[in-house]
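Peer 1: Got a structure for you, questions after.
The values are calculated or read from the model by the stated rules, or taken from the named source; none is laboratory data. Not measured: the values here are computed from a predicted model. Here Cβ is always computed from backbone atoms with ideal geometry, including for glycine, and neighbour counts include all displayed protein chains.
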Amino acid sequence: MEFEGKKIVIGITGSIAAYKIPLLVRLLKKEGADVQVIMTPTARDFVTPLTLSTLSERPVISEPFDSLTGEWNSHVDLGRWADLMLFAPVSASTMGKMVNAIADNFLVTTYIAAKCPVYFAPAMDLDMFKHPANQANIKKLQSYGNILIDPQEGELASRLKGAGRMEEPEVIFEILKEGLKKKQTLTNKKVLVTAGPTYERIDPVRYIGNFSSGKMGFALAEAFASRGADVTLITGPSNLKVSNPNIKRIDIESSAEMLSEVKQAFSKADILMMSAAVADFKPSTAQEQKIKKNTQHWSLELEKTPDILSELAKQKSPRQLMIGFALETENEQYNASQKLENKKLDMIVLNSLRDEGAGFATDTNKVTLITKQEQLPLDIKHKSEVAQDIVSYIVDNLSQTKIKDK
Ligand code: C5P
């Protein structure tokens, strides 16, 4: 049984597609899942709690305090109990609450307390779905690491045709099954991820940096952690936050600090994912006092920084995987393939600044995965989805002899 022993919380909100959820509960129960249904007050107008309690074999929860039984339902206990949480159907209003942590009902309160992967399957009329507020909320929810189950095109309850129809219960069931399988694939594996820019000091107030935001590296750290890996994230200056408790964050400023931290952690790592935009050059000397602007011209002497990947290639053992990034503006495939070889990498992830929606500060990215055997272009997607795809590729294609059989 595919879901044996798995604990799943299903949150149902006020949308007509709620009538399809009893079928999903039935499918999950048949495969051995332990299902707890939470309904928002409006969801109860669309499908009866009695139907869902009967199928899930657990009383449906809507309020923290159950006036009938006199029992107190703890959102924290439930949030920590779940192996997976699904919002289906999720309404515009609940998505807005999830984005802003407006925990004024038991469902959103449990979501805020949950530590497991969260899936959300929106369902609403086509114009509502297209509204910029909804589209922005979906993007934000994805950026928090939640997994979108895209609504489908088709006839809607309003008789209009378009996108907004909740994915069918049978498909949601398959998506959850895949998700749970993936979740555990890297348990006990140690993954070292670097992210962000480095700052190379010129004097106490100035530095040489770059436009890297750290978004791709942080998304990769979250993606590895969501599969059960023990992640160390070494990051240059970035305002981003990590959310998975399995990520240990180390903040650094310069390429020299990054090299020292990566060197220390590398011997224990199974995978090194070098997604940081490390400076290639740094000032030969950093001035101790602020440099004065009393000349018309001024030149700064720069020297090359050590290449961290090349340094580590010398101490890499055959059981370790080393993956680099290449950000190119011309001759992309050729340059990236050269780097794969020169830095002795198992894979390189190529970004081209010429691709729209790819690169530094954007929320989306378009990458090509390059190994000795193949070049695989991925579609343009949200960085959290690109990160999941990269991790899936590593697990399915690169780790056969290294990570899995260890
Ligand atoms: O050679 P280039 O800087 O284009 O290669 C990019 C890859 O090398 C990235 O994975 C980056 O993190 C890594 N890198 C490094 N040490 C440096 C510069 C870049 O490991 N000093």
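Peer 1: Quick check on segment 218-267: of everything there that is in a strand (DSSP E or B) and of a type in the set (Lys, Arg), which residue is surrounded by the most Cβ atoms within 10 Å (Cβ to Cβ)? Can you show your working first?
Peer 2: Applying the first criterion (in a strand (DSSP E or B)) to segment 218-267 yields 230-235, 247-251.
Going one step further and asking which of them are of a type in the set (Lys, Arg), we end up with 248-249.
Values: Lys248: 14, Arg249: 16.
If we take residues in segment 218-267 being in a strand (DSSP E or B) and of a type in the set (Lys, Arg), then Arg249 is surrounded by the most Cβ atoms within 10 Å (Cβ to Cβ).
Peer 1: Restricting attention to segment 283-315, which residues are touching a residue at least 40 places away in the same chain (Cβ under 8 Å) and either under 32 Å from the mean Cα position of the chain (by Cα) or within 8 Å of the ligand (Cβ to nearest atom) (or both)?
Peer 2: If the condition is that a residue be touching a residue at least 40 places away in the same chain (Cβ under 8 Å) and either under 32 Å from the mean Cα position of the chain (by Cα) or within 8 Å of the ligand (Cβ to nearest atom) (or both), then Thr305, Pro306, Ile308, Glu311, Leu312, Gln315 are the ones that fit.
Peer 1: Can you tell me which of (1) away from the ligand (no atom under 16 Å from the Cβ); (2) assigned by TED's automatic domain parsing to the domain that holds Phe325; (3) modelled with pLDDT of 95 or more is the one Glu261 doesn't meet?
Peer 2: Among (1) away from the ligand (no atom under 16 Å from the Cβ); (2) assigned by TED's automatic domain parsing to the domain that holds Phe325; (3) modelled with pLDDT of 95 or more, the lone unmet condition for Glu261 is (1).
Peer 1: If I filter segment 227-251 down to residues being small (Gly, Ala, Ser) and farther than 14 Å from Thr194 by Cα, which single residue comes out as modelled with the lowest pLDDT? So that I can check it myself, show each step before the final result.
Peer 2: Going through segment 227-251, the residues small (Gly, Ala, Ser) turn out to be 228-229, 236, 238, 243.
Right, trim to farther than 14 Å from Thr194 by Cα and you get 228-229, 243.
Working: Gly228: 84, Ala229: 93, Ser243: 80.
Once the filter is applied, the top-ranked residue is Ser243.
Peer 1: Just for segment 119-153: of the residues that are small (Gly, Ala, Ser) and farther than 16 Å from Phe87 by Cα, which one is farthest from the chain's Cα centre (by Cα)?
Peer 2: The initial filter retains those residues of segment 119-153 that are small (Gly, Ala, Ser), namely 121, 123, 133, 136, 143, 145.
Subsequent filtering for residues that are farther than 16 Å from Phe87 by Cα retains 133, 136, 143.
Working: Ala133: 21, Ala136: 17, Ser143: 7 Å.
Checking each candidate, the answer is Ala133.
Peer 1: In this structure, is Pro197 assigned by TED's automatic domain parsing to the domain that holds Lys383 and out of contact with any strand residue (DSSP E or B) (no Cβ under 7 Å at 6 or more places or on another chain)?
Peer 2: Numbers: assigned by TED's automatic domain parsing to the domain that holds Lys383: yes; out of contact with any strand residue (DSSP E or B) (no Cβ under 7 Å at 6 or more places or on another chain): no.
Considered against the rule, which asks whether it is assigned by TED's automatic domain parsing to the domain that holds Lys383 and out of contact with any strand residue (DSSP E or B) (no Cβ under 7 Å at 6 or more places or on another chain), Pro197 comes out as no.
Peer 1: For the condition loosely packed, with under 14 Cβ neighbours inside 10 Å and touching a residue at least 40 places away in the same chain (Cβ under 8 Å), what is the one hit in Asn188, Asn134, Asn210, Asn100? Before the answer, list the steps.
Peer 2: Values: Asn134 fails: loosely packed, with under 14 Cβ neighbours inside 10 Å; Asn210 fails: loosely packed, with under 14 Cβ neighbours inside 10 Å; Asn100 fails: touching a residue at least 40 places away in the same chain (Cβ under 8 Å).
Selected residue: Asn188, the only one of Asn188, Asn134, Asn210, Asn100 that is loosely packed, with under 14 Cβ neighbours inside 10 Å and touching a residue at least 40 places away in the same chain (Cβ under 8 Å).
Peer 1: May I pose another question? Which residue pairs have Cβ atoms under 8 Å apart, sit 6 or more places apart or on different chains, and have a first residue in segment 56-68 that is assigned by TED's automatic domain parsing to the domain that holds Phe106 and touching a residue at least 24 places away in the same chain (Cβ under 8 Å) and a second that is of a type in the set (Val, Ile, Thr) and not in a strand (DSSP E or B)?
Peer 2: Matching pairs, first to second residue: Ser56/Val25; Ser62/Thr40; Pro64/Thr109.
Peer 1: Still on this structure: Filtering segment 316-349 down to residues that are among the polar types (S, T, N, Q) and over 21 Å from Ser213 (Cα atoms), which residue is farthest from the ligand (Cβ to nearest atom)? Step through it out loud before you land on a result.
Peer 2: Step one: of segment 316-349, the residues among the polar types (S, T, N, Q) are 317, 320, 329, 331, 333, 335, 337-338, 342.
The next check asks that each one be over 21 Å from Ser213 (Cα atoms); those that pass are 317, 320, 331, 333, 335, 337-338, 342.
On the way: Ser317: 18, Gln320: 15, Asn331: 12, Gln333: 14, Asn335: 8, Ser337: 12, Gln338: 9, Asn342: 8 Å.
Residue satisfying both the conditions and the ranking: Ser317.
Peer 1: Okay, next question. Kindly evaluate Asp125 against the criterion of being touching a Gly at 6+ places or on another chain (Cβ under 6 Å), outside the structural domain of Gly217 (by TED's automatic domain parsing) and either among the aromatic types (Phe, Trp, Tyr) or farther than 23 Å from Leu176 by Cα (or both).
Peer 2: It is true that Asp125 is touching a Gly at 6+ places or on another chain (Cβ under 6 Å), outside the structural domain of Gly217 (by TED's automatic domain parsing) and either among the aromatic types (Phe, Trp, Tyr) or farther than 23 Å from Leu176 by Cα (or both).
Peer 1: Would you pick out the residues in segment 327-342 that are without any contact (Cβ under 8 Å) to a residue 40 or more places away in the chain, within 27 Å of the chain's Cα centre (by Cα) and surrounded by 14 or more Cβ atoms within 10 Å (Cβ to Cβ)?
Peer 2: Within segment 327-342, the subset without any contact (Cβ under 8 Å) to a residue 40 or more places away in the chain is 328-332, 334-342.
If we keep only those that are within 27 Å of the chain's Cα centre (by Cα) too, we end up with 328-329, 332, 336-337, 339-340.
Once the filter is applied, which keeps residues that are without any contact (Cβ under 8 Å) to a residue 40 or more places away in the chain, within 27 Å of the chain's Cα centre (by Cα) and surrounded by 14 or more Cβ atoms within 10 Å (Cβ to Cβ), segment 327-342 yields Glu328, Glu332, Ala336, Ser337, Lys339, Leu340.
Peer 1: State whether the residues of segment 28-43 include one that is among the hydroxyl-bearing types (Ser, Thr, Tyr) and under 20 Å from Glu168 (Cβ atoms).
Peer 2: Of all residues in segment 28-43, those among the hydroxyl-bearing types (Ser, Thr, Tyr) come to 40, 42.
Those still in the list that are under 20 Å from Glu168 (Cβ atoms) too: none.
No.
Peer 1: Oh, and also: Please list, ordered by residue number, the helices (runs of 4 or more DSSP H) wholly in segment 6-85 having 1 or more residues that are at pLDDT 95 or above.
Peer 2: On the way: elements: 21-30, 49-56, 75-81.
Here the list reads 21-30, 49-56.
Peer 1: State all residues of segment 268-278 that are more than 7 Å from the ligand (Cβ to nearest atom) and surrounded by fewer than 24 Cβ atoms within 10 Å (Cβ to Cβ); if no residue qualifies, say none. Break it down stepwise before answering.
Peer 2: Our first condition is that a residue be more than 7 Å from the ligand (Cβ to nearest atom); within segment 268-278, this holds for 268-273.
Result: Lys268, Ala269, Asp270.
Peer 1: Continuing with the same structure: Collect the residues in segment 279-296 that are surrounded by fewer than 10 Cβ atoms within 10 Å (Cβ to Cβ) and either basic (Lys, Arg) or within 18 Å of Gly236 (Cα to Cα) (or both), keeping them in residue-number order.
Peer 2: Just the residues of segment 279-296 that are surrounded by fewer than 10 Cβ atoms within 10 Å (Cβ to Cβ), to begin with: 284, 288-289, 292-296.
Within segment 279-296, Lys292, Lys293 qualify.
Peer 1: On the basis of being free of Cβ contacts under 8 Å to residues at least 40 places away in the same chain and more than 13 Å from the ligand (Cβ to nearest atom), does Ser352 make the cut? Before the answer, list the steps.
Peer 2: Working: free of Cβ contacts under 8 Å to residues at least 40 places away in the same chain: yes; more than 13 Å from the ligand (Cβ to nearest atom): no.
The answer is no for Ser352.
Peer 1: Condition check: in contact with a Phe, Trp or Tyr (Cβ under 6 Å, 6 or more places away or on another chain) and not β-branched (Val, Ile, Thr). Does Phe129 satisfy that?
Peer 2: Numbers: in contact with a Phe, Trp or Tyr (Cβ under 6 Å, 6 or more places away or on another chain): no; not β-branched (Val, Ile, Thr): yes.
Against the criterion (in contact with a Phe, Trp or Tyr (Cβ under 6 Å, 6 or more places away or on another chain) and not β-branched (Val, Ile, Thr)), Phe129 does not qualify.
Listed here are the residues, each with its yes/no results for (1) at pLDDT below 95; (2) under 24 Å from Lys268 (Cα atoms); (3) out of contact with any Gly (no Cβ under 7 Å at 6 or more places or on another chain).
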site: Val171; (1), (2), (3): no, no, yes
site: Lys177; (1), (2), (3): yes, no, yes
site: Asn188; (1), (2), (3): yes, yes, yes
site: Ile202; (1), (2), (3): no, no, yes
site: Val205; (1), (2), (3): no, no, yes
site: Ile208; (1), (2), (3): no, no, yes
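Peer 1: Separate question: Considering Glu63, Glu4, Glu57, which residue is within 20 Å of Glu170 (Cβ to Cβ) and loosely packed, with under 15 Cβ neighbours inside 10 Å? Reasoning before the result, please.
Peer 2: Details: Glu63 fails: within 20 Å of Glu170 (Cβ to Cβ); Glu57 fails: within 20 Å of Glu170 (Cβ to Cβ).
The match here is Glu4.
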